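Accompanying notes for the structure given below.
Taken together, the values in this text are just the output of simple stated rules run on the coordinates, not laboratory data. Since we're looking at a predicted model, the values are computed, not measured. Methodologically, a virtual Cβ is constructed for each residue, glycine included, from the backbone with ideal geometry; neighbour enumeration extends over all protein chains shown.
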Amino acid sequence: MSAVTFNMAGMQGIDDLIQPLDGIRNLKVIDRTPILFLDEFDSRSDNYATLLPLLWDGELHIGHRNLKTGKVVIILAASGDTIQRAMKEAKSMQMAAKPDGSKLIDLVSRINGGEIVIPELDEVAGNRDRRTDKVCIAVALLQHRFGDDLQHIPWPLLRFVATTKFRYGVRSMTHFVELLPERGEDQATICLDRLPLSSSNKLKDSSLAYHLVNEDGPAAIVGDWNRFNEHRTLVRIAVDEDEDEIPF
């Protein structure tokens, strides 16, 4: 399978769908089962009516063109809770109190696959601890930034990522990683000294302030960082399966 991704948050009109649909059709030509990933499809309620014929008939009329997708896997990704509420309401098999002019219920009725709810990155409940996922994401982002040869990461950095709430999830984590200075050829690990976390004022004056959340304010974030940074332990990325796991 091969995927074509399109973010509907930036869609100005139905004509913008021509490019991803042509990408799907090109994959069909080379005999691959395509996946059409429509991100942020809930960003505008107008999108629901636009997607109805695509989900039911597998085709879309755009201008003078009739774009047929044929067999395709369509994944609709939403970030708000409106879709989840609509699906729950529809499954209750009761009529809505008011007619839904946005065609949302009609849209979800045309979804014949499963639904996947991705839990929040900071969720810790029962047997689920998504702080582990945050650390794995951070390692991947660090390797993308500094190269696959990066083998050691400062423990304070991973500890901070695991316990800090990032306002926009992975996007905010990516911004945090991009603030790290470049690694010199003679450096075995990542330098942490230039991060704007040495004081509340430096944090508030930096772009990082828009990406971190703490109900006790910037002083609490700086305090956590200073406490973690007292232990300059290095964590090796490629570990043997029989090595002990480092707890959070």
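Below are the figures for this structure:
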{"item": "Amide hydrogen neighbours beyond the local backbone of residue 4, cut-off 5 Å, H modeled", "result": "35, 36, 37"}
{"item": "Matching label, P(r) over Cα pairs in 5 Å bins from 0, in percent computed from the structure shown, candidates (1) 1, 5, 10, 13, 13, 11, 11, 11, 10, 8, 5, 2, 0, 0; (2) 1, 7, 14, 19, 21, 17, 11, 6, 3, 1, 0; (3) 1, 6, 11, 13, 11, 8, 5, 4, 4, 4, 5, 5, 6, 6, 5, 4, 2, 1, 0, 0", "result": "(1)"}
{"item": "Sequence-distant residues sharing a close amide H with residue 59 (under 5 Å, placed H)", "result": "54, 69"}
{"item": "Mean Cβ count within 10 Å, highest first, over the residues of peptides 151-160, 11-20", "result": "151-160, 11-20"}
{"item": "Fraction of the pair-distance distribution of region 124-236 above 19 Å, Cα-Cα pairs, percent", "result": "44 percent"}
{"item": "Percent RCO, i.e. relative contact order, over the chain, from Cα pairs under 8 Å lying at least 6 residues apart", "result": "14 percent"}
{"item": "The chain, helix-only ellipticity at 222 nm - DSSP H runs n ≥ 4, -39,500 (n - 2.57), divided by all residues, nearest 500", "result": "-10500 deg cm²/dmol"}
{"item": "Per-q log10 I(q)/I(0), region 2-109, q = 0.14, 0.15 Å⁻¹ (Debye; single scatterer per alpha-carbon; no solvent)", "result": "-0.58, -0.66"}
